[in-house]
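Undergrad: My questions all concern the structure below.
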Amino acid sequence: MTDTLHIQIDHADGSLQRLIGLVERRGFHIDGMTLAGEGAGRRLQLQVRGRDSGRCVEILGRQIDRMIGATRVASSCAVQTFQTEAAA
């Protein structure tokens, strides 16, 4: 099953590479990615799928949220909240 994560990261050198590395090291495949510049950062949509049934996208989201340069994380179940906060 593929889940979507909505992330905002800064434009720092290597931030996208660190994010992709984190996702892969935590046992997820990236099935799709959409990237758009937004002010001082970038908005990213990642479609991820666990390598096995033991992988939890909520835990991955919390790990990304702690990553330096990641300013916001929402999973596909929290998209409406994410869009509302981004509009404010």
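Undergrad: Do you know which of the residues in the range 45-63 that are under 13 Å from the mean Cα position of the chain (by Cα) and surrounded by fewer than 18 Cβ atoms within 10 Å (Cβ to Cβ) is nearest to Gly27 (Cα to Cα)?
TA: Initial filter on the range 45-63 (under 13 Å from the mean Cα position of the chain (by Cα)): 45-49, 57-63.
Filter again for surrounded by fewer than 18 Cβ atoms within 10 Å (Cβ to Cβ), leaving 45, 47, 49, 58-59, 62-63.
Details: Gln45: 18, Gln47: 14, Arg49: 9, Glu58: 13, Ile59: 11, Arg62: 14, Gln63: 12 Å.
Ranking the candidates gives Arg49 first.
Undergrad: Could you run through the range 1-44 and say how many residues are of a type outside the set (Gly, Ala, Ser), free of Cβ contacts under 8 Å to residues at least 60 places away in the same chain, in contact with a strand residue (DSSP E or B) (Cβ under 8 Å, 6 or more places away or on another chain) and open to solvent by 30 Å² or more (accessible area, probe 1.4 Å)? Let's see the steps before the verdict.
TA: Here is the first cut: in the range 1-44, the residues of a type outside the set (Gly, Ala, Ser) are 1-11, 13, 16-20, 22-26, 28-31, 33-35, 38, 42-44.
From what's left, free of Cβ contacts under 8 Å to residues at least 60 places away in the same chain: 1-2, 11, 13, 16-20, 22-26, 28-31, 33-35, 38, 42-44.
Next cut, in contact with a strand residue (DSSP E or B) (Cβ under 8 Å, 6 or more places away or on another chain) only: 1-2, 11, 16, 19-20, 23-24, 28-31, 33-35, 38, 42-44.
Among the residues that remain, those that are also open to solvent by 30 Å² or more (accessible area, probe 1.4 Å) are: 1-2, 11, 16, 20, 24, 29-31, 33-35, 38, 42-43.
Selection size over the range 1-44: 15.
Undergrad: Can you work out which of the residues in the range 55-88 that are among the polar types (S, T, N, Q) and touching a His at 6+ places or on another chain (Cβ under 9 Å) is modelled with the lowest pLDDT?
TA: Of the residues in the range 55-88, the ones among the polar types (S, T, N, Q) are 63, 71, 75-76, 80-81, 83-84.
Pick out the ones that are also touching a His at 6+ places or on another chain (Cβ under 9 Å) and you get 75-76, 83.
Details: Ser75: 75, Ser76: 67, Gln83: 45.
This residue is Gln83.
Undergrad: Continuing with the same structure: Give the range 62-78 a look and list any residue that's touching a Ser or Thr at 6+ places or on another chain (Cβ under 9 Å) and over 14 Å from Arg18 (Cα atoms), or say none.
TA: Once the filter is applied, which keeps residues that are touching a Ser or Thr at 6+ places or on another chain (Cβ under 9 Å) and over 14 Å from Arg18 (Cα atoms), the range 62-78 yields Ala74, Ser75, Ser76.
The values are calculated or read from the model by the stated rules, or taken from the named source; none is laboratory data. What you see is a predicted model, and the numbers here were worked out from it, not measured in a lab. Please note: Cβ atoms are built from the backbone with ideal geometry, for glycine as well, and neighbour counts cover all protein chains shown. Calculation scope for accessible area: heavy atoms of the full protein, side chains included, ligands and nucleic acids excluded. Shrake-Rupley method; radii C 1.70, N 1.55, O 1.52, S 1.80 Å.
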